[in-house]
Ligand SMILES: C[S@@+](CC[C@H](N)C(=O)[O-])C[C@H]1O[C@@H](n2cnc3c(N)ncnc32)[C@H](O)[C@@H]1O
């Protein structure tokens with residue numbers, strides 16, 4: 001939150017949480033927005049997996065045995081896609097926790113990963129246990145419009161980390177402040193650095209292949225060709241990753 005913006009009232013935060021629930025129930029979930037059969041989300045999720053792996057290795061969690069002894073929290077976990085992948089890499093599901101405000105999503109996630117500790121509710125006000133070695137906050141902040149709520153969520157992520165723990169962050173960014181739409185607002189780097197309260201982040205900026213380019217390459221040349229173009233970075237957009245060690 002910018003130092004100048006006044007804190008929001010509890011009623012304003014509650015209103016934003018209601019809007020988030022409506023948006024995900026009525027629009028996002030029925031559209032199956034993360035389906036990996038669609039070229040664009042597939043590339044996005046693959047890129048996310050790569051950066052998560054880079055982060056784990058850079059933070060010394062570089063063997064399956066080390067990953068197995070790590071406590072992980074996924075905030076705004078949706079239907080459990082990120083934790084599913086982390087468990088595939090070697091994380092112990094009984095040491096993983098996920099929370100989402102949408103009970104429908106948590107029900108799907110629980111079926112996919114029954115050993116994970118699942119919570120349904122607003123992360124800023126739900127007890128999820130802890131502490132954790134890794135907290136993931138992926139594609140959540142852009143869904144939230146209220147700056148005080150974003151700050152609360154980031155503060156809570158840091159407060160639940162053990163010393164030496166790592167916050168893994170991803171979202172749509174923009175170099176400048178941009179106007180929000182009704183259910184979505186890009187973040188600026190300065191804004192997110194503000195939410196991190198001066199902690200040093202390691203950023204991978206502009207890491208996603210532009211949708212129009214992905215949609216042209218994939219049908220003709222396949223996913224591998226699109227991934228190569230994505231790796232070059234020439235046509236990428238500001239889907240950006242960061243991690244912060246505490
Ligand atoms: C775009 S989805 C991303 C889901 C998942 N992190 C992923 O990367 O696939 C954002 C998720 O954040 C959840 N969310 C938004 N605000 C939340 C809050 N205050 N507490 C818990 N979950 C929240 C939404 O319900 C939604 O599932």
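The values are calculated or read from the model by the stated rules, or taken from the named source; none is laboratory data. Keep in mind it's a predicted model, so treat the numbers as computed, not measured. Cβ: placed from backbone, ideal geometry, glycine included. Neighbour counts: every protein chain shown.
Could you please let me know if residue 96 is surrounded by 20 or more Cβ atoms within 10 Å (Cβ to Cβ) and more than 13 Å from the ligand (Cβ to nearest atom)? Answer is yes for this residue.
Criterion first (within 11 Å of the ligand (Cβ to nearest atom) and surrounded by 14 or more Cβ atoms within 10 Å (Cβ to Cβ)) does residue 55 satisfy it? Judged against the criteria, residue 55 is not a match. Within the bounds of the stretch 94-117, is there any residue that is in a strand (DSSP E or B) and without any contact (Cβ under 8 Å) to a residue 24 or more places away in the chain? Yes, the stretch 94-117 has at least one match.
Counting just the residues of the stretch 121-144 that are surrounded by fewer than 22 Cβ atoms within 10 Å (Cβ to Cβ) and within 23 Å of residue 45 (Cβ to Cβ), which one comes out farthest from the ligand (Cβ to nearest atom)? Checked the stretch 121-144; the qualifying residue farthest from the ligand (Cβ to nearest atom) is 133.
Looking at this structure, is residue 115 touching a helix residue (DSSP H, G or I) at 6+ places or on another chain (Cβ under 6 Å) and surrounded by fewer than 16 Cβ atoms within 10 Å (Cβ to Cβ)? Spelling it out, residue 115 is indeed touching a helix residue (DSSP H, G or I) at 6+ places or on another chain (Cβ under 6 Å) and surrounded by fewer than 16 Cβ atoms within 10 Å (Cβ to Cβ). Among the criteria (1) assigned to a helix (DSSP H, G or I); (2) touching a strand residue (DSSP E or B) at 6+ places or on another chain (Cβ under 6 Å); (3) under 18 Å from residue 33 (Cβ atoms), the one residue 230 does not fulfil is (3).
In the stretch 145-174, the residue that is modelled with the lowest pLDDT out of those that are more than 10 Å from the ligand (Cβ to nearest atom), buried (at least 18 other Cβ atoms within 10 Å of the Cβ) and in a strand (DSSP E or B) is 173.
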